[in-house]
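Here is the structure we will look at, set down as structure tokens.
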Amino acid sequence: MASLSVKPGQRFTLPDWQNNAHRISADAEHQRSTSHQIRQEARALRNDTGNQAKWDECDTRTRLKDRITSVDRWREVLARCLTDIDLEIDALTKVKEAAEDALQAKNLCLDVAIECLTFRESRRDIDVVRDPVEEELHREVKVIEKTKKELQQRVDEAFKQLCLLKEARQQLNCDHRHKVEALELDRQCLSFNVTSGNISFKVNPTRIPDGTTALREWELNSQCNKDRADAEMKASIDLRGAIMLTIAQTNNELDAQRMATEFALRKRIRDMEGALSELRWQEKNTLEEIAEMEEDIRQLEEDLRKRTLDLKVAHTRLETRTYRPHVELCRDQAQFGLTGEVQDLEAAIRALQQKRTESQNALDALYRQLHRIQTDIGYKTNSLQLDNKCMDTRRKLVIPVEKFDPEVDAVNRTRNLPRNSQLEL
């Protein structure tokens, strides 16, 4: 008889087989659930990291733009200060040269007085007396020597002040050059993007380089340079006034008064031009603010119109749902949602209307302020013209009327006087 072949191995029971199938199914469900959760977390992480990267890049660009604006503003301030200090150096140099010319001119007066005294030493016998003429000559020599000493002191002070001005100008020029270089680098950084060809990983990019300064120290450095230049220019202006006064005192009191008056007029013209420049800047900014405010009001009105349309839709939906029949007329979630939407829209419309009123009031105030600025510009323009006419008129004091030909110096807003005039320094 043939025998039944039996496979070797363990035999499982039917419950074991069923339990194994259940475990496989449960494990599959668990793995799918885990995989689904991981996929959702991965998507959320992708969204978070993508959004965070965009916001960080946007924030970095904003910070770079703000920094560029700040550095560029300081660059403009330093450039204006450099221009002013160059003009002041030229002005002080001219005054110093004038003092040197006046000092040189006193040598002839001294030679004449000494020569007169020498001549009088040749007197004989009883004529050798100490008369008023000799006393006046000795007094004249003393006055001339005193005048020369004062002029020499003023020349030395002007030389020292020129050294200080040039030192301050060197610091300003260095600071201005550094800011120009920093602007180029920051603008280059601002132009970088993911498609730029010159981007790469760097070694320890977050390190703090040697010589790094704090923002406050950077601002104080620029402000200190500007303040020093302003102080030196103010000292130079004061010194120029003192030198002109010293030179004028060697002539007579009338000439000194004329110089003081013209000095005050020049200073007043500079102040008036500065005030006009500030007013025009305010006018420009006010006009820009008016344009932006008008645009914002238009946007507010547009949003108010949109919210009104949304409110109409919500009202219509609520009204339409009141016609639901019998028991269907219930306060369901849609009813609550529509009610809340109406309340939110009404609140938004009230807020928009209030903000539109505030914006319109602010716009009216801007227009009133613009009118005040433009009126003041008219007043100061007229005053500047009158001051310039005063400068033209004062030339008649030293120049004959038939030769009077006003020429405006574009640098210092004064008139060019001939070197042989009585007021020539």
Original post:
Where Lys and Arg each count +1 and Asp and Glu each count -1, what net charge lies around residue 22 among other residues with Cβ under 14 Å from its Cβ?
Top reply: -2
Subject >> Distance violations [Cα-Cα > 31 Å] among 146/234; 65/380; 142/234; 94/146 >> reply: 65/380; 142/234
Subject >> Estimated distance in nm for a label pair at residue 64 and residue 362, the labels positioned 7 Å out from Cα along Cα-to-Cβ >> reply: 3.1
**OP:** Note down the net charge around residue 341, summing +1 for each Lys or Arg and -1 for each Asp or Glu among other residues with Cβ under 10 Å from its Cβ.
**Re:** -2
Subject >> Fully extended contour minus Cα-Cα distance, from residue 26 to residue 72, at 0.36 nm per residue >> reply: 9.8 nm
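Bear in mind that the values in this text are calculations on the coordinates, not laboratory data. No experiment lies behind these values; they were computed from the predicted model shown. Backbone-built Cβ (ideal geometry, glycine too); neighbour counts: all protein chains shown.
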